[in-house]
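Some notes on the structure that comes next.
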Amino acid sequence: GETQLSLEVGDAVQIQEVCDGKVKATTDKLFPLISLLHIPLQGAFPASFVHLKEVVIEKQGDQVLVMSAEMPLVKEVTTTLREWGSIWKQLFVANKRRRVKQVQGLMCELMEWRSQLLSGTLPSDEFKELKQKVTSKIDYGNKILELDQVVRDDNGNILDPERASVISLFRAHEEATAKINERIKEEQSNIQTDHSGISARIQSSPTHSLYVFVRNFVCRIGEDSELFMSLYDPVKQAIISENYLVRWGSKGFPKEIDMLNNLKVVFTDLGNKDLCRDKIYLICQIVRVGRMDLKETNNKKCTQGLRRPFGVAVMDISDLIKGKVECDEEKQFFIPFFPYVPFSFSITLLQILLALVGDIVQIRKEYPHLVDRSTVVARKLGFPEIIMPGDVRNDIYLTLQGGDFDKYNKTTQKNVEVIMWVCDEEGKNSICLGAGDKAVSEYRSVIYYQIKQPRWMETIKVAVPLEEMHKIHLRFMFRHRSSQESKDKSEKNFAMAFVRLMKEDGTVLQDGLHDLVVFKGDSKRMEDVNCYLSLPSTRHHHGDTHKVAALNRSSSNVSGSGGLSVSSRDSFSISTLVCSTKLTQTVGLLGLLKWRTRPELLRENLEKLKIIDGEEVVKFLQDTLDALFNIMMENSQSDDYDILVFDALIHIIGLIADRKFQHFNTVLEAYIKQHFSATLAYKKLMSVLRRYLDVSSRGEQCEPILRTLKALEYIFKFIVRSRMLYSQPAYLNLTVIFNHLWFCYSPECRDVLLPMMLRELSGALASMADGPHDERRNSLELLNNILEVLSRDNVVRRTAHCICSHMALNCILGDCFKFSVVLTYIYSRVVACMTAILSQMNDRHYDTYIETFAGSSDLDFLMESFLLFKDLIGKHVYPSDWMAMIMVQNRVFLRAINTYADTMNQKFLNNDDFEVQLWNNYFHLAVAFITQESLQLQHFSSTKRNKILAKYGDMRGLIGFAIRDIWYKLGSHKICFIPGMVGPILEMTLIPEEELRRATIPIFFDMITCEQFENEIILKLDHEVEGGGGDEQYMQLLETILLDCAEEKPTLRPQVQHFVALVKGLLIRLLDYRTVMSDDSRNNRMSCTVNLLNFYKDINREGMYIRYLYKLRDLHLEGENYTEAAYTLLLHSRLLKFESHGSQTQRQLKETLYDTIIEYFDKGKMWEEAITLCKELAEQYENEIFDYELLSKRLEKQAKFYENIMKILRPKPDYFAVGYYGHGYPPFLRNKVFIHRGKEYERREDFQNQLMSQFPSAVRLNTTTIPGDDVRNSPLQYIQCFTVRPVLEIPPRLKSKPVPDQIINFYKSNYVQRFHYSRPVRKGPVDPNNEFVSMWIERTTFTTVYKLPGILRWFEATDMKHVSMCTTLSPLENAIETMESTNEKILTMINQYQTDWTLPINPLSMLLNGIVDPAVMGGFAKYEKAFFTDEYNQQHPEDRDKLLRLKDLIAWQIPLLGGGISLHGKRVMDDLRPFHERMEECFKQLKKKVEKEYGVRELPLYLQLAPFLPPPRDSPPESPSSWSSTLPRSSGSMSASTVVTVGDAEVKLRKSKKKKKRSSMIFITEERDRTSTLDSKRVRLSCSGR
């Protein structure tokens, strides 16, 4: 009932009461939750329809807000999904498949994340991460959907413009834009890469990664196991990456159950060199942890925890990692397994592999769904090809190579286990086994059972702090392990070895193989650092010769060994690889990096830099450059090292220029921009460079000059960057000082400090337009910081008065004018500063500021301010999606404009002080403000519109009312603004806001007395409506308001009524025109264009009339309607004159138009019209301007047109009547009938299908009668289409003259305005044996408003009820018409076949056979039975003359048939000869019968001979003779004159001077109505000279 409340999914309701399962509530859409913009609906609904949610009630003034208690981010996601959902549907309808799929994916992700947010189960760190993902996704989606940008604070919450300062809001927009643009670039890069192929992408990137996801490891070992995955080069037999360690439990799951389905690793830092390896394998070494032998069954007695080799899984990934094989995230790989010892059960390793492009930072951005924080990173054993500044790495990789251990007193070889510790002098330790595993205190090797020379090849990573590296050494203990636990416990370490990581000279342990000395002794002593640390650790120790000699002696105790002895029968080797950006293995480089410790060796170390391996130098590029520039800066007072440092710098730049290190170009660029900090280096560099150039210019030997010139690019980059850094501190320090001191001083001190700072800043800003880019940016940045501090709540407001001084604001206003031509980002910063200043000013500040312009400068200040505001509004200072910033600026500007307007009212409204230009500037500014795109709420979605109204209101109304009030205050000065303000005021009134329209439309009443007002408003209205302004409500409101105003002033009523009628008529047509401009139907666009141009013609607006003529011409050319395009331009040409003494320009324009029109008529085969224009031009050339050369060319073209008329076939177009019924059509079509001119060979079915495609929802009427009111008044669309026949209208110049049928045929389908449609009806009893007796013909005549063809291919038929004629033909009259048509058809076909001997004979055969063969039941036999009876004569005595006419036509058909059959006999092929002979036999019988009953008719002699004239031997005759197309017309060669009498008309046939065959001719009689034709007398034919 009426109390029912209709709800949709997603509506929010506020429940007021509950009763018996029914709920009474108010409702509104969730845009926002409860809207304040209109009154909510009230009603009842079932309680089960809704889900209850917690709410928060807030008061804002007198209003109470009821909002959902959900977290703000959830509400934002909900609102975003609703808005995206609406756009997604529109994209689907528009068939934009790629974007639909993209938006759908974004929405699905948001919905999933929203569920996670609502669950409330996420830890704080995961919640923070998810929040970041959600906001990033929302911002990205808004950008690609061209929605407004959402600005956020550091926590991801939406920034409230009410609480944020203008500067912070501006900066937030800049940061958000930069982030989103970066994200979009990444997405586009990914898309382009997907299209170009992974292989091309891999080749273009210097860094690559391999993503591995271990899905499952199936193995029934029964013990714990360790999986070590790494990348392996089988050619060099070397592992090239860290191990990824997975600890697998004995029960078939990871030991850490949380890692199930999360075993992901990225092997990164791979370079192009790695991709060039012949082969790359992914290997997985499997080590079981448990008993010595799996076959042992007594677990209690067995030693546990032993690491035993189990096998290896290997997969060739060469093609995959090189991009030769495509792979996706769903494809799984089964890796084959090779056991260490054969066993009977199967092992399966299931993984997903993906080759990714980029380093770990890049792939985390591009593949966040694959690579997250839980994904393990396994780095390359070695450096990546590029080491960026700031990349710090300090890893030492150690590989247990192998050993050789004697069994001593044991009967079998030992089961050797190596135990390794990382120790300092105090015995502390730390070890890392592999990526993905925690650090452990010791490392135990794999145990090989009873092998004398075990080869472990196990790689581990040593992770120690850099500062402790000089204390660290590695200690290895060797122990025999027994399979029996009782024996194993008694076993002790039998030997040890050690190695220091750092040498005594400060360099780190060299990469490569190290043969360590194996010591033996007491177990406790071997663990004592003091016992062995002083001994040599390697057999090839390059230290003290005494220690080496000691090693070469026997295995007796070594002096100072603390009881340890060297075991000569045992050996042990390791290999190391140092990957450190801080530790070097080169003494010279180390000396340079630590030059302060040994300054006396600095010169030597700088010299040595040139001989150090380049790979080592670029590895430490940042540290090396820092050292060089530190040397330069710390010796700034002398030039002792300048040349050496310069040469070293040139050497490094030269290294990077080498192809081998070309990837480090980006590293050097990054260093210069981000890490270089030597502010005075430019002086030193320029000094040395100048010295080298001076020496070289003098012709002296200068060895470094060539290398210097090659490195000149980067030398200058260092110089420029240094000089920039030198100039920056003044601004940067000032900013820091201001931020620090502002809150430390008292308000009085601040009032002193701020003017001083502004004075300095004003000077910088004044010259900013011509200054360096960085100075401009720094000056603006400082001003931004000052304004940001002043906007804070804890700043005493009295200090804000200082910022409003003319010093600051005048400077900014001036800069806005200066920067109107500079870069956008500078301009936007200046405008943001100005907006921030204005936003902090209260009324007192405005008064104080305006008072500084007392006197004559008041006027200049206001005029410049208005111009500035108008310029800023029109220039789109900010991107269109910065809606929050734009609206804040508008609000600030609106307040400033209104304040300045008050000043203008006070000082410049009186007659003496009135300044027209000032007020004009104000009006144009106000209209520009009110019509700016960012305030047109009607173009926004409901979500956006409601947000704007809730925060800012509709600012258009405020300034619109101000314009109205000021206008009425102008009094007699109003006339100064007419017609100049007509356009702007009209634009303002067209805004679709009813209150604004009601307030501003009455302004037109004040303007209506001005003569130019009407012209101006018509011109502007056309432009505005075409641009999207105006609607029917505006038209009605304009009429109502102006007529109401006229009631108060009766003297103006006629003028107002005329104006309203004019504007209303124009608006109706303009709105129709705008509606169909976006329509696919070109016909509708043409119709509306014609309506408009006719309107402008009627009101004598020639300029607008011509404008739409050319729009119509363009539409015709699109559809190749050349004839109609010509008629359209002809209307323009008629406005021009060939004046003898007139404007030469008008003559030239008319000639040019005629040339174009003639060209169009030629393309449309309307040569008769083209000839008329040619004659008109020829008359001008011959008798006016006497240009015989042009005359000759025009006559040649005219002659060509005459030839075309006679020789080129022009198909007759069909005409169709189309009725549009129902109120579903626009007014210009509704319930009207149009006659359409079809195209060449266009069938009615094709035309009708095309028509229906334009109106797919229309219903086709299959009847041809005029539909009733039920159809006319229906809200649907109905279409009626049928073929009509044009009525020939003979031009007066052709009447009573012999005319060739090529000419008369043209007029049968052109220059026609009346059309017939004949519909058979049955009356009286129906004779089943003869239908002609009761067949009457109902004929409807349509008359169009203009002749066809014309400026359209269709014209409206006049009102069917009043103008069209509907007549009825009796069966006898129908028979007469049919016989006349048949005779004409026979004669026409004979003419065609005599003209063109190439035509196929079939149509002629069918026509003749259908008449003469009684078996076909054709001809006139039915007429004889129906009308030539005594009964009919008695019943219809009035038809006596008509019966005679029908008999006469039958008699005349015989000679025509005879001529056709004779022609057929000449053309028929031999295989159809029997058919022709039968037809001749039938014709003889028919002829005998007709001549007996109706008399003999004989054609004139020339008509009897013409059909039998043979064609020339070589080719068909060019113009064979033919008979008249309608009896009693005649044509051909004659020996004497012939008179033909038709009705009351008598025409004379012209005499032929030659016996040459001529083209067919017909005599044209007066076109008469069909009824008078039937009542005419019999044709009397008299021939002379027979």
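The values are calculated or read from the model by the stated rules, or taken from the named source; none is laboratory data. Since the structure is predicted, the reported quantities are computational estimates derived from the model, not experimental observations. Here the Cβ positions follow ideal geometry from the backbone for every residue, glycine too, while neighbour counts run over all protein chains shown. With ligands, DNA and RNA removed, areas are computed over all heavy atoms of the protein, side chains included. Shrake-Rupley method; radii C 1.70, N 1.55, O 1.52, S 1.80 Å.
Quick look at the numbers
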{"read-out": "Hey, residue 497 open to solvent by less than 40 Å² (accessible area, probe 1.4 Å), in contact with a Leu (Cβ under 6 Å, 6 or more places away or on another chain) and at pLDDT 85 or above or not", "value": "yes"}
{"read-out": "Tally, over region 1027-1046, of residues that are part of a helix (DSSP H, G or I) and surrounded by 16 or more Cβ atoms within 10 Å (Cβ to Cβ)", "value": "9"}
{"read-out": "Leading residue by the ranking (farthest from residue 1309 (Cα to Cα)) among those in region 1339-1369 that are open to solvent by 50 Å² or more (accessible area, probe 1.4 Å) and at pLDDT 70 or above", "value": "1368"}
{"read-out": "The lone exception for residue 992 - which of (1) surrounded by 13 or more Cβ atoms within 10 Å (Cβ to Cβ); (2) under 40 Å from the mean Cα position of the chain (by Cα); (3) assigned to a helix (DSSP H, G or I) it fails", "value": "(3)"}
{"read-out": "Output for region 212-241, where each listed residue is closer than 18 Å to residue 374 by Cβ, open to solvent by 10 Å² or more (accessible area, probe 1.4 Å) and at pLDDT 85 or above", "value": "213"}
{"read-out": "Candidates 1112, 1117 - the one that is surrounded by fewer than 17 Cβ atoms within 10 Å (Cβ to Cβ), within 38 Å of the chain's Cα centre (by Cα) and of a type in the set (A, V, I, L, M)", "value": "1117"}
{"read-out": "Residue 269 of a type in the set (Asp, Glu), closer than 30 Å to residue 359 by Cα and crowded, with 21+ Cβ neighbours inside 10 Å", "value": "yes"}
{"read-out": "Residue 1049 being touching a Leu at 6+ places or on another chain (Cβ under 9 Å) and open to solvent by 10 Å² or more (accessible area, probe 1.4 Å)", "value": "no"}
{"read-out": "Test for residue 286: is it assigned to a loop (DSSP other than H, G, I, E, B), open to solvent by less than 40 Å² (accessible area, probe 1.4 Å), in contact (Cβ under 8 Å) with a residue 60 or more places away in the chain and not charged (D, E, K, R)", "value": "no"}
{"read-out": "Members of region 68-93 that are open to solvent by 60 Å² or more (accessible area, probe 1.4 Å), farther than 22 Å from residue 133 by Cβ and of a type in the set (A, V, I, L, M, F, W, C)", "value": "92, 93"}
{"read-out": "Criterion: open to solvent by 40 Å² or more (accessible area, probe 1.4 Å), in contact with a strand residue (DSSP E or B) (Cβ under 7 Å, 6 or more places away or on another chain) and on the phi < 0 side of the Ramachandran plot - qualifying residue of 244, 281", "value": "281"}
{"read-out": "The lone exception for residue 485 - which of (1) over 20 Å from residue 443 (Cβ atoms); (2) within 60 Å of the chain's Cα centre (by Cα) it fails", "value": "(2)"}
{"read-out": "Residue within region 1146-1168 that is polar (S, T, N, Q), open to solvent by less than 10 Å² (accessible area, probe 1.4 Å) and touching a Lys or Arg at 6+ places or on another chain (Cβ under 7 Å) present", "value": "no"}
{"read-out": "Region 148-165 - residue that is charged (D, E, K, R) and in a loop (DSSP other than H, G, I, E, B) and, of those, nearest to residue 77 (Cα to Cα)", "value": "148"}
{"read-out": "Any hit, region 675-687, residues being under 30 Å from residue 462 (Cβ atoms), crowded, with 20+ Cβ neighbours inside 10 Å and not hydroxyl-bearing (Ser, Thr, Tyr)", "value": "no"}
{"read-out": "Residues located in region 437-451, provided they are part of a loop (DSSP other than H, G, I, E, B) and either within 55 Å of the chain's Cα centre (by Cα) or among the basic types (Lys, Arg) (or both)", "value": "437, 438"}
{"read-out": "Failed item, numbered, when residue 974 is tested on (1) in contact with a helix residue (DSSP H, G or I) (Cβ under 7 Å, 6 or more places away or on another chain); (2) free of Cβ contacts under 8 Å to residues at least 12 places away in the same chain", "value": "(2)"}
{"read-out": "Segments classed as helices (runs of 4 or more DSSP H), wholly inside region 543-627, with at least 2 members that are modelled with pLDDT of 70 or more and within 30 Å of residue 242 (Cα to Cα)", "value": "587-593, 614-619"}
{"read-out": "Filtered residue count, region 1105-1135, keeping only those that are of a type in the set (S, T, N, Q) and under 13 Å from residue 1166 (Cα atoms)", "value": "2"}
{"read-out": "Every pair of residues 6+ apart whose Cβ atoms lie under 7 Å, when the first sits in region 692-710 and is of a type in the set (Gly, Ala, Ser) while the second is assigned to a loop (DSSP other than H, G, I, E, B)", "value": "696/702"}
{"read-out": "Test for residue 1090: is it out of contact with any Gly (no Cβ under 8 Å at 6 or more places or on another chain), buried (at least 17 other Cβ atoms within 10 Å of the Cβ), in a helix (DSSP H, G or I) and modelled with pLDDT of 90 or more", "value": "yes"}
{"read-out": "All strands (runs of 3 or more DSSP E) inside region 1260-1379 with 1 or more residues being under 26 Å from residue 1244 (Cβ atoms)", "value": "1278-1286, 1312-1322, 1335-1348, 1354-1356, 1365-1369"}
{"read-out": "Qualifying residue in region 999-1016 (condition: of a type outside the set (Lys, Arg), more than 17 Å from residue 1059 (Cα to Cα) and open to solvent by 50 Å² or more (accessible area, probe 1.4 Å))", "value": "no"}
{"read-out": "Test: residue in region 1259-1267 that is open to solvent by 40 Å² or more (accessible area, probe 1.4 Å) and modelled with pLDDT of 90 or more", "value": "yes"}
{"read-out": "Answer residue from region 100-113, given it is open to solvent by 60 Å² or more (accessible area, probe 1.4 Å) and touching a residue at least 24 places away in the same chain (Cβ under 8 Å) and is farthest from residue 12 (Cα to Cα) among those", "value": "109"}
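Every residue, every condition in (1) in a helix (DSSP H, G or I); (2) without any contact (Cβ under 8 Å) to a residue 12 or more places away in the chain; (3) farther than 26 Å from residue 1484 by Cβ, yes or no:
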{"position": "1409", "(1), (2), (3)": "yes, no, no"}
{"position": "1425", "(1), (2), (3)": "yes, no, no"}
{"position": "1432", "(1), (2), (3)": "yes, yes, yes"}
{"position": "1441", "(1), (2), (3)": "yes, no, yes"}
{"position": "1448", "(1), (2), (3)": "yes, no, no"}
{"position": "1451", "(1), (2), (3)": "yes, no, no"}
{"position": "1455", "(1), (2), (3)": "yes, no, no"}
{"position": "1458", "(1), (2), (3)": "yes, no, no"}
{"position": "1463", "(1), (2), (3)": "yes, no, no"}
